[in-house]
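What follows is calculated from the coordinates using simple rules that are stated; it is not laboratory data. Here the structure is a predicted model, which means the values were calculated and not measured. Every residue, glycine as well, gets a Cβ built from its backbone with ideal geometry; the counts of neighbours run over all protein chains shown.
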């Protein structure tokens, strides 16, 4: 298995896309892991994977459009094809940081508006729409 940051992040995406959550989890750091997006934050890899499993039902396909690497940092431009009440294509920028052969940090940026009905309590408490 390759150990360069791009190969590690690509292997994570491959595992996640194949619903191989055990394989995806193996690529995340055991200590110091962080995930942040407009709708969720985790600082525990196991809790993050549990969330990924719970929300995987809305994801129909993830299209990888472009990747850039700068040292430990890997940035992907992705399109998530999802279905909530209707089919949507959601452009996503994902920034991952690989340290010591494991993904230590993932940050995703996207328009979270279609998710607002799924997370009404969160919207009321932090002002996100």
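Between residue 17 and residue 2, the modelled label-to-label distance comes to 1.4 nm, taking each label 7 Å out from Cα in the direction of the beta carbon. Calculated mean residue ellipticity, 222 nm, the chain: -8000 deg cm²/dmol, from DSSP H runs (n ≥ 4) at -39500 (n - 2.57) each, averaged per residue and rounded to 500.
Here are a few candidate values for P(r) over Cα pairs in 5 Å bins from 0, in percent: (1) 2, 10, 19, 25, 22, 13, 7, 2, 0; (2) 2, 10, 19, 22, 17, 12, 9, 5, 3, 1; (3) 2, 10, 18, 21, 19, 15, 8, 4, 1, 0, 0. Which one was actually calculated from the structure I just gave you? Here the calculated entry is (1). For the chain, the relative contact order comes to 23 percent (Cα pairs under 8 Å, sequence separation of at least 6).
In percent, what relative contact order does segment 72-114 have, based on Cα pairs under 8 Å that are 6 or more apart in sequence?
Normalised by residue count, the contact order of segment 72-114 is 34 percent.
The GNM of the chain, with springs linking C-alpha atoms under 10 angstrom apart, assigns the highest mean-square fluctuation among 85, 37, 56 to 85. The gain in end-to-end length when the residue 54 to residue 79 segment is fully stretched comes to 7.0 nm, 0.36 nm per residue minus the alpha carbon separation. Over the chain, with a Gaussian network built from C-alpha contacts below 10 Å, which listed residue (65, 25, 41) shows the highest mean-square fluctuation? Highest fluctuation of the listed residues: 65.
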